[in-house]
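Quick notes on the structure that follows.
The values are calculated or read from the model by the stated rules, or taken from the named source; none is laboratory data. Just so it is clear, the structure is predicted and the values come from calculations on it, not from any experiment. With ideal geometry, Cβ positions are generated from the backbone for all residues, glycine too; neighbour counts draw on all protein chains shown. Heads up: the accessible areas ignore ligands, DNA and RNA and are worked out on the full protein's heavy atoms, side chains in. Shrake-Rupley method; radii C 1.70, N 1.55, O 1.52, S 1.80 Å.
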Amino acid sequence: AAPTPDDAVLKALAAQHAVAAPLMPGLASLEELAELPTLHDLVLFYDAVLAELGIEGAALAGHGFGAMLAAELAALSPGRFNCLVLAAPLGLWNDAHPVEDIFANRFPDVEALIWSGCKTRPKVKQNQEDAIEAQIRFANALGAMANYTWPIPDRGLRRRLYRIDMPTLILAGKADAWIPYAYGAEFAALIEGARTGDLEGGHMAPYDDPAGFARAILEADARGAPA
């Protein structure tokens, strides 16, 4: 939800390819969400931005809530994208495998939960001003996400996934403490021809191996390239 210039995954992708990594509305201020009150509004906004930028035939990838948005975009405008990669995707609900309610936790506990099972976790910033700014961004990111996913993340995506007709790869974290591993197979069952793969670790596993995650996206892109 909050990509930065030093994001390890984005840097790995940008080494050989042009990358568009939009900042989620609401990160600067939750007042930005006033004109995007529903998930449908947000998805249409992203689609309009991509159209304005002239992005066509791109690989579309997302992680967590970003994967939920990527799936919605792929279902809305399937002809715009070459392939789809969803890592630890949010967006479905199964009573047998409930998604953890991260909004019921304190901010430090949320960070611990999403990084659980991972070897790589960002170091606490030493500069107090930078640390406070990072905490504000994190709080705004959680607030923005809560606007579209609380109390449960089911917003009808299950009924739209059939529209996705591009090569799709679903990656699920074996030790994900937020979004259970079982959702990988559930997403794949709803998208025709989707492949599945495992992330070794927790929810933030892509940051344990950013080069490997970038490689998975590029391989999916190659599968979707026109003959």
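A count restricted to the range 202-215 and to residues that are more than 16 Å from GLY64 (Cα to Cα), open to solvent by 20 Å² or more (accessible area, probe 1.4 Å) and assigned to a helix (DSSP H, G or I) stands at 2. Residues that are in a helix (DSSP H, G or I), under 18 Å from LEU36 (Cα atoms) and not small (Gly, Ala, Ser) within the range 135-156 comprise ASN140, LEU142, MET145, ASN147, TYR148, THR149, listed in sequence order.
I'd like the residue in the range 113-134 that is at pLDDT 80 or above and assigned to a loop (DSSP other than H, G, I, E, B) and, out of all such residues, is most open to solvent (accessible area, probe 1.4 Å). Checked the range 113-134; the qualifying residue most open to solvent (accessible area, probe 1.4 Å) is LYS119.
Here is the figure for the range 1-26: residues that are of a type in the set (Gly, Ala, Ser), crowded, with 18+ Cβ neighbours inside 10 Å and either touching a Leu at 6+ places or on another chain (Cβ under 9 Å) or over 19 Å from ARG215 (Cα atoms) (or both) total 2. Restricting LEU53, LEU42, LEU84, LEU33 to residues that are more than 22 Å from TYR183 (Cα to Cα) and in contact with a Leu (Cβ under 6 Å, 6 or more places away or on another chain) narrows the list to LEU42. Being assigned to a loop (DSSP other than H, G, I, E, B), in contact with a strand residue (DSSP E or B) (Cβ under 8 Å, 6 or more places away or on another chain) and among the small types (Gly, Ala, Ser) is not true of GLY91.
Against the conditions (1) touching a Lys or Arg at 6+ places or on another chain (Cβ under 8 Å); (2) at pLDDT below 95; (3) open to solvent by 70 Å² or more (accessible area, probe 1.4 Å); (4) not charged (D, E, K, R), LEU199 satisfies every one except (3). The residues of the range 173-196 that are touching a residue at least 24 places away in the same chain (Cβ under 8 Å), open to solvent by 10 Å² or more (accessible area, probe 1.4 Å), under 27 Å from ARG80 (Cβ atoms) and not in a loop (DSSP other than H, G, I, E, B), listed by number, are GLU186, LEU190, ARG195, THR196.
On the basis of being among the hydroxyl-bearing types (Ser, Thr, Tyr), under 20 Å from GLY91 (Cα atoms) and surrounded by 20 or more Cβ atoms within 10 Å (Cβ to Cβ), does THR168 make the cut? For THR168, the condition - among the hydroxyl-bearing types (Ser, Thr, Tyr), under 20 Å from GLY91 (Cα atoms) and surrounded by 20 or more Cβ atoms within 10 Å (Cβ to Cβ) - is met.
For the structure I just gave you, tell me whether ALA67 is closer than 17 Å to PRO3 by Cα and free of Cβ contacts under 8 Å to residues at least 60 places away in the same chain. Taking the combined requirement at face value, the residue satisfies it.
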